[in-house]
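So the structure is just underneath, and the comments pick up after that.
Where a number appears in this text, it was derived from the coordinates with a stated rule and is not lab data. These numbers come from a predicted model, not from an experiment. With ideal geometry, Cβ positions are generated from the backbone for all residues, glycine too; neighbour counts draw on all protein chains shown.
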Amino acid sequence: MSTSVSPATNNTLASFRLASIQEDEPGPKWQALFNAHWPQYKTWFLSEGELARPGYMTSVRHLRTHMPELVGTYEKLVELAGGGDLAARFLSFYRPPPYLLGCSQAVWAGEKPLLIRNYDYSPILFEWALLKTCWRRPVIAISDCLWGVLDGINDAGLAVSLAFGGRKRTGDGFGVPLVLRYLLEVCDDVRQACLALRRIGVHMTYNLTLLDRSGVFVTAYMAPDRKPRFVRSPVSTNHQDRIEWPAYARMSASVERRAFLEERLADQSETAGRFVNRFLRSPIYRTRYERAFGTLYTAIYHPAEGRAEYRWPGRPALSQSFDSFKEGEETVHLDCGISA
């Protein structure tokens with residue numbers, strides 16, 4: 001497993017490697033992931049000062065209260081991370097520092113429903129890891145914060161993804177990647193996931209898209225100071241009911257992206273294949289990597305098949321499933337002007 005950036009001859013293309021990693025129980029592969037990324041995460045975790053982060057007892061108490069099913073896995077991960085106080089507090093992911101990300105996500109509610117999403121962020125702050133685990137049940141997911149989830153699917157056919165919700169407000173609660181991990185580990189369908197979201201607080205505003213094997217889907221509007229709202233919208237970008245951070249909405253083109261996807265879904269001539277390909281082109285595919293707002297991958301989840309695809313423009317898709325998951329590295333070229 002490795003993550004790298006290599007210079008390109010035209011000084012604009014940068015190469016990264018997405019590692020597909022299979023490890024049923026936390027072990028040496030996860031430990032290698034931790035060792036590779038912990039220095040960067042530690043700097044981020046302490047960016048507002050150590051006292052700004054909750055203590056170990058507070059963090060673990062909240063984890064035990066709100067996501068008790070994950071505590072056994074958490075303890076194994078802390079041990080693999082060396083058992084230190086700071087790593088244990090970080091891995092609880094309770095009230096972490098704030099962070100922003102882009103993203104467009106949509107459900108194709110056809111005969112074979114799909115969850116499609118673009119993850120927009122900085123390529124040098126991304127873990128570049130796709131994990132297949134069986135901590136409580138089989139899960140395939142893009143990793144974030146070492147055991148959190150940006151998007152993924154479980155063996156029951158529940159697929160989930162996240163996007164920033166377009167508000168500056170922060171508060172008590174968990175970082176949403178760990179919440180998505182929880183949903184995939186313990187929930188079979190959208191109904192169970194919504195019940196879980198009603199009782200788990202998040203520390204920032206997020207939009208979650210959920211789809212299950214039966215075709216039921218929902219967009220969950222989460223915030224630290226509001227009760228969760230569940231809407232039957234198949235599309236979400238980086239705002240909720242209204243624009244609450246105008247500068248961010250303009251920079252991210254959140255309104256324009258959402259309107260574009262909604263128009264395409266309303267077009268009776270649109271097909272699933274064409275709709276997926278929209279995510280590989282402007283205005284959905286973004287290239288503002290210098291602002292930490294460039295598309296790193298397009299994910300397509302097939303709940304009925306227990307399968308996931310990851311795509312980039314101009315190259316074959318990476319396909320993984322619960323029946324056939326292949327470890328290895330996928331080289332991804334991004335036109336972002338970053339050099340080693």
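Local charge sum around residue 66 (other residues, Cβ-Cβ under 15 Å, Lys/Arg +1, Asp/Glu -1)?
Neighbourhood net charge equals +3.
Please sort by residue number the trypsin sites (Lys or Arg not before Pro) in region 191-282 whose DSSP state is loop and whose Cβ has at most 12 other Cβ atoms within 10 Å.
Hits after loop and neighbour filter: 198, 199, 232, 242, 281.
Among 179, 316, 158, pick out the residue whose Cα is farthest towards the positive end of the charge dipole of the chain, where Lys and Arg carry +1 and Asp and Glu carry -1 on C-beta, about the Cα centre.
Towards the positive end, the residue furthest out is 179.
Among DSSP beta bridges lying fully in region 13-335, give the percent that are antiparallel, nearest 5.
On the way: 64 of 69 bridges.
In region 13-335, approximately 95 percent of DSSP beta bridges are antiparallel ones.
Report the number of Lys pairs in region 13-335 whose alpha-carbons are under 27 Å apart, with separation of 8 or more residues or on distinct chains.
So the count works out to 13.
Please compute the modelled spin-label separation between residue 333 and residue 137, points set 7 Å along Cα→Cβ, answer in nm with one decimal.
Computed distance between label sites residue 137 and residue 333 equals 4.1 nm.
Taking the Cα centre of region 13-335 as origin and charging only Cβ (+1 Lys, Arg; -1 Asp, Glu), how large is the dipole, in debye to the nearest 20?
Details: 41 positive and 36 negative charges, 178 e Å.
Approximately 860 debye in magnitude.
Can you give the calculated 222 nm mean residue ellipticity of the chain, where each DSSP H run of n ≥ 4 adds -39,500 (n - 2.57) and the sum is split over every residue, rounded to the nearest 500 deg cm²/dmol?
-8000 deg cm²/dmol
Normalised by the residues of the chain, what does the relative contact order come to in percent, with Cα pairs under 8 Å and at least six apart? Don't jump to the answer; show the numbers that get you there.
On the way: 742 pairs, mean separation 79.0, N = 340.
Rounded, it is 23 percent for the chain.
State the dimensionless ratio Rg/Rh of the chain (Rg: radius of gyration of Cα atoms; Rh: Kirkwood radius).
On the way: Rg = 18.6 Å, Rh = 20.0 Å.
Radius of gyration over Kirkwood radius for the chain works out to 0.93.
Could you tell me the center-to-center distance, by alpha carbons, between region 287-334 and region 136-164 in angstrom?
13 Å
Dipole of the chain (Lys/Arg Cβ +1, Asp/Glu Cβ -1, origin at the Cα centre): which of 245, 18, 122 lies farthest to the positive side?
Checking the options against the dipole of the chain, the answer is 245.
Below 8 Å, C-alpha to C-alpha, sequence gap of six or more: please give me the relative contact order for region 142-210 in percent.
Reported relative contact order: 42 percent.
For region 86-149, what class follows from the C-alpha gyration tensor (a ≥ b ≥ c being the square roots of its eigenvalues): rounded when a/c is under 1.5, otherwise prolate if a/b is larger than b/c, else oblate?
oblate
Report the normalised scattering of region 209-320 as log10 I(q)/I(0) at q = 0.10, 0.18, 0.19 Å⁻¹, calculated by the Debye formula with identical scatterers on the alpha carbons.
-0.35, -1.17, -1.29
Based on the Cβ-Cβ distance from residue 229 to residue 52, what FRET efficiency comes out when R0 is 30 Å, to the nearest 0.05?
Efficiency, rounded to the nearest 0.05: 0.55.
Note the full-extension length gain between residue 61 and residue 280 as 0.36 nm times their separation in residues minus their Cα-Cα distance, in nm to one decimal.
Values: separation 219, 0.36 × 219 = 78.84 nm, distance 4.26 nm.
Once the chain is fully extended between residue 61 and residue 280, it gains 74.6 nm.
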